[in-house]
1. Yes or no: Leu22 at pLDDT 80 or above, under 29 Å from Gln167 (Cα atoms) and assigned to a helix (DSSP H, G or I)?
2. Considering only residues that are among the polar types (S, T, N, Q), outside any helix (DSSP H, G or I) and open to solvent by 100 Å² or more (accessible area, probe 1.4 Å), which ones fall in segment 273-315?
3. Which one of these is in contact with a His (Cβ under 6 Å, 6 or more places away or on another chain), surrounded by 12 or more Cβ atoms within 10 Å (Cβ to Cβ), of a type outside the set (D, E, K, R) and under 30 Å from Gly51 (Cα atoms): Thr225, Thr254, Thr240?
4. Would you confirm whether any residue within segment 205-224 is farther than 15 Å from Thr44 by Cβ, within 46 Å of the chain's Cα centre (by Cα) and among the β-branched types (Val, Ile, Thr)?
5. Only one of these is among the hydroxyl-bearing types (Ser, Thr, Tyr), surrounded by 16 or more Cβ atoms within 10 Å (Cβ to Cβ) and over 30 Å from Gly17 (Cα atoms): Ser211, Ser205, Ser172, Ser149. Name it.
6. Given the condition at pLDDT 80 or above, assigned to a helix (DSSP H, G or I), among the acidic types (Asp, Glu) and open to solvent by less than 90 Å² (accessible area, probe 1.4 Å), answer yes or no: does some residue in segment 316-329 qualify?
7. Residues in segment 330-371 that are open to solvent by less than 90 Å² (accessible area, probe 1.4 Å) and touching a residue at least 12 places away in the same chain (Cβ under 8 Å): how many?
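The values are calculated or read from the model by the stated rules, or taken from the named source; none is laboratory data. Remember, it's a predicted structure, so these values are computed and weren't measured experimentally. Cβ placement follows ideal geometry from the backbone for every residue including glycine, while neighbour counts extend to all protein chains displayed. Side chains are part of the model used for accessible areas, which takes the heavy atoms of the whole protein and leaves out ligands, DNA and RNA. Shrake-Rupley method; radii C 1.70, N 1.55, O 1.52, S 1.80 Å.
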Amino acid sequence: MFTILIRNGRSLIFQVGILFTLCIILTGTITFVSQHSGSNQEVTARAEIRGEILAREAKSTIQEYPAYEWLLRYWYEHADELDIEYDEDYGGGEKNRQKALTLAAHRPDLSVEYIDNEDVKTLSVEDQKLYAEIVYAWVVVRLDQVKVSNKVKYLFCIRTDKNYANQFFMFSAAGPEEKRGKGKDQIYPLGMTLNLTNTQRKTLSEAKAHSSHLADLGKNVDYYTYLGEVDGDSLFIGMTITKEEFITDVLMQTIKGAFVAMGYQIILAAICSLGILILVLKPLRRVQRNIRRYKNTKDSGSVVPDLEKINMKNELGELAKDVIELTHEIDDYVEKIQFFTADQERIEVELNLVEQIQASMLPQETAVLPDRKEFDIHASMDPAREVGGDFFDFFMIDDDHL
């Protein structure tokens, strides 16, 4: 394939471009292989960074409401009483909007987003329940967005006692196609309680001691962040991300790095190509253009000054000088040819003139004895070359003799 491209290439820059392209591809491949070899360590590092970022975002989502401590306590104590509209971004939200309008009508002096612990105490029992349901739906919607945008398998907030005996689900984020319920692989609603395994207990203990903890569970990676305490119980933000996602992310970053390296190579190749174009092809094309001009016009007067502009101390400069010398030699040869041709033409003109003079000296057939009817006489002379050495004439000596 490479041979065909070179053979069919119309210019040197095209051939150089093919060579640069192959080198860029080779460089990109080597870069990709070398960077991808350390992907296992990169997966763990990226998992921890991703967990930290998402945990901070989830934590800020919960704590952005001034009365979040009251809310966390209320949601836990009244989990079975709350009428919550989950995942309102996925086709719902009308019920929660009506609740917000109702609360605003009851307390027009308060803004739901800025209600603090003191303001909550001024709400009626009914409005406290509305407030808790409204904010819970908003928090879940935001966590849903965090989960989907970051492609997290599970994102949740749990509450557990100091012995880590069981976990009480405060929040669970869901995707558009995921169903909420208490079944296996479903997204758990508020109040779902599960027993903790020994591994999970150890993970939560490490997370509380060090603020966060990353657990490798084979196909998945679990990350927990300690959120704080409410009434002696600990709250954690947890998430589960498949290793495949991290591997995919590392792979994409590796590919990106390879393309960046290739991009630098392309820039370098472009600079080199520009240098070749200016320093090599441009003077070479000038030589080519003048050769063609001289071939068509044989005018060295216009060709030589243009070639003399290629004042380069390299092979192209030598080539320009050789072409100049060649034009001078051709001019000399042409001048000699023209001289010999002119001399030959002069000789031919003189011979033609002699031929005409000789022919005019001979009798013309139409003028031979027009008055004698008893006989005809004809004669011709065909010289072997332009002129001959024979002449003839005929005429009447008297009335009876020719």
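1. So Leu22 fails the test.
2. Asn311 - this is the single residue of segment 273-315 that is among the polar types (S, T, N, Q), outside any helix (DSSP H, G or I) and open to solvent by 100 Å² or more (accessible area, probe 1.4 Å).
3. So the residue among Thr225, Thr254, Thr240 that is in contact with a His (Cβ under 6 Å, 6 or more places away or on another chain), surrounded by 12 or more Cβ atoms within 10 Å (Cβ to Cβ), of a type outside the set (D, E, K, R) and under 30 Å from Gly51 (Cα atoms) is Thr254.
4. no
5. Matching residue, one of Ser211, Ser205, Ser172, Ser149: Ser172.
6. Taking every residue of segment 316-329 in turn, at least one turns out to be at pLDDT 80 or above, assigned to a helix (DSSP H, G or I), among the acidic types (Asp, Glu) and open to solvent by less than 90 Å² (accessible area, probe 1.4 Å).
7. The qualifying residues number 12.
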